[in-house]
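First up is the structure itself, then whatever we jot down about it.
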Amino acid sequence: MSKQTYRVCFCFRRRFRLAVAEAPREIKEVFDQYSENGIMTVDHFHRFLVEFQKEESVTKEEAQAIIDHSIHDLMHLPIFHRKVLNLEAFFKYIFSDNNPPISTSRKVHHDMTAPLSHYFIYTGHNSYLTGNQLSSDCSDVPIIKALQRGVRVIELDIWPNSTKDNIEVLHGRTLTTPVELIKCLRSIKEHAFVASEYPVVITLEDHLTPDLQARVAEMVTETIGDILFSPGSECLKEFPSPESLKKRIIISTKPPKEYLEAKDAKENENGSQKGKAGDEEAWGKEVKDPKSLNATDSKNDLDDEESNDEGDDDDLNSQQLEAPEYKRLIAIHAGKPKGGLDECLKVDPDKVRRLSMSEQQLEKAAETHGKDIVRFTQRNILRVYPKGTRFDSSNYNPLIGWMHGAQMVAFNMQGYGRSLWLMHGMFTSNGGCGYVKKPEFLLKTGPHNEVFDPKAKLPVKTTLKVTVYMGEGWYYDFRHTHFDAYSPPDFYTRIGIAGVPADTVMKKTKTLEDNWIPAWNEEFEFPLTVPELALLRIEVHEYDMSEKDDFGGQACLPVSELRKGIRAIPLHDRKGEKYRSVKLLMRFDFV
């Protein structure tokens, strides 16, 4: 099919030529450079992989295997039996899933023997919710999906059931329908290590009486059994390493607040809480720039109980209220000492703990205590959670937490949007195991006890150079009238960096009209002061003159793991699922 027809009105149709994906000029030049008489032998191809793609460790046998795979679907070529590449087969390989921007064969490669506090950990918030925070069903299904994606921290809110003789998981004081705790525990046990063998942490938000806490202890012990890491009732002096906790499940919770009825204040809550999903653009709001943080709202004070969802405001000494068998399950103790920020962020040389802050509390604390937060997170764990007004299960900018060393930046995994894309991108690092070693600058302490200052102006360490060549696949994955009822789509690409404030930027290509296979051939440069925390953001949109632009796919990649050279970048939908065919052809280099 060489032409495509669009109906404009009852008696008039427009016809457009369908372009065929053709190798960009630079790809042809590279092929000419590494081939002879239009033929690329295994020696030529191996030299291309080593010299141009910087894949120094690839062997000739591996290069031959790639050639064999690339020509498998090109049997019409008269040269296929010679086990070499011509330009068509070379371009097919370059623009295929076999040439990804991040190595799929590179497994866990960070040092996994440091304490847990030295890692960013893939963390979920209200992991049992299927949708919004007010009225969606509670289920073990989103927990299973999160574990299958590699999430390592699952949050369960536990409440008494209506007859006070069993435990349910639900978002208290809302209309969410409950799920039994035992069902969630069994699903966690079954799926905990399908994506990663590194430890799973269950954070419990506890609204139970001591007799039901004892029941929880019994459930956890019987369900999770020998793989439960339970060091006893005393606080740890230092956190163990992910390596030492492989295939173990860890319980983290705080001393419970005074018992609260799950159904209390429902009417008050639901009368004032209204979602803002309608305000979202089709692909989610733009990620909040760290440069524009406004943390002056006095309601964000750490001592203010903005949400009963996260109650680490209890005195750590109140643990005698707990059932002793329940207390012995808790490996990571959560809680906040009485007092202000100075007291909260005090580092105890004899024990470690977990502290929680809402996103707003962190923003305010970062204004005055940025270095104290970094120092605290070198030994202790900081959990950041979405503010209480995110009823639609939206999320926030995770970089604010990461640049201060926060390990557990908790996200609503059942939502979608740009912030969640960043989370997905970050945790493709380190083989997708759910633990990413923090950069050394967040772990170092100087001779005078000085630590990294998140507000410091830093010099440029490296510059990422990105060339956006072309894209294809929409014709196969979307209806032909999906983007425009009367003509082929008008695509453009947004590309930029999510990172520390100095590195955060978004740019865009020109818009190419009426083309299913856009070829932009544009180059961008991104100076990076903290490349260790930088994520490359890629979005494709279709320009619409009369309405909002349509979403055409996205990808988010950790800069620290980008492979140099020309790569094929698969694009994903708004929920983070990979499209079957849609991808971009790009080149990456560091200068």
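Each Lys or Arg adds one and each Asp or Glu subtracts one; over the other residues with Cβ under 11 Å from the Cβ of Ile102, this totals +2.
Once you sort the root eigenvalues of the Cα gyration tensor of the range 414-456 as a ≥ b ≥ c, which label holds: rounded (a/c under 1.5), prolate (a/b larger than b/c) or oblate (the other case)? Here the range 414-456 falls in the oblate category. Dipole magnitude for the range 392-540: computed about the Cα centre from +1 point charges on Lys and Arg Cβ and -1 point charges on Asp and Glu Cβ, it is near 540 debye. The dipole here belongs to the range 471-520: it is taken about the Cα centre, uses +1 on the Cβ of Lys and Arg and -1 on the Cβ of Asp and Glu, and is about 200 debye.
A straight line joining the Cα centroids of the range 137-195 and the range 198-253 runs 15 Å.
Report the Cα centroid-to-centroid distance between the range 338-358 and the range 463-493 in angstrom, as an integer. First find each Cα centre; the distance between them is then 49 Å. A Förster radius of 60 Å, combined with the Cβ-Cβ distance separating Glu286 from Asn161, puts the computed FRET efficiency at roughly 0.90. Counting only protein heavy atoms and using a 1.4 Å probe, the accessible area of Cys344 comes to about 0 Å². Here Lys338 is the anchor, and the lysines within straight C-alpha reach of less than 27 Å, apart from those fewer than 8 places off in the same chain, are Lys237, Lys254, Lys257, Lys299, Lys327, Lys346, Lys351, Lys364, Lys371, Lys387. Residue order by solvent-accessible surface for Lys575, Lys387 is Lys575, Lys387, largest first, with ligands and nucleic acids left out and a 1.4 Å probe. Computed with a 1.4 Å probe over protein heavy atoms only, the accessible area of Tyr492 comes to about 20 Å².
Once you sort the root eigenvalues of the Cα gyration tensor of the range 457-590 as a ≥ b ≥ c, which label holds: rounded (a/c under 1.5), prolate (a/b larger than b/c) or oblate (the other case)? Judged from the Cα gyration tensor, the range 457-590 comes out prolate (a/c at least 1.5, a/b above b/c). Once the C-beta distance of Thr209 and Ser487 is scaled by a Förster radius of 56 Å, the resulting FRET efficiency is 0.30 to the nearest 0.05. For the range 457-590, the relative contact order is 32 percent, taking Cα pairs closer than 8 Å that sit 6 or more residues apart in sequence and dividing their mean separation by the residue count.
Expressed in nm to one decimal, what extension gain is obtained for the pair Val505 and Ala65 from 0.36 nm per residue of sequence separation less their Cα-Cα distance?
So the extension gain works out to 154.4 nm.
Which value, in debye to the nearest 20, describes the size of the charge dipole of the range 457-590 about its Cα centre when Lys and Arg Cβ atoms bear +1, Asp and Glu Cβ atoms bear -1, and nothing else is charged? With only Lys, Arg, Asp and Glu charged at Cβ, the dipole is about 660 debye.
With K and R counted +1 and D and E -1, the other residues having a Cβ less than 11 Å from that of Asp32 yield a net charge of -1.
The values are calculated or read from the model by the stated rules, or taken from the named source; none is laboratory data. Predicted model only: the values in this text are computed from it and were never measured. Here Cβ is always computed from backbone atoms with ideal geometry, including for glycine, and neighbour counts include all displayed protein chains. Calculation scope for accessible area: heavy atoms of the full protein, side chains included, ligands and nucleic acids excluded. Shrake-Rupley method; radii C 1.70, N 1.55, O 1.52, S 1.80 Å.
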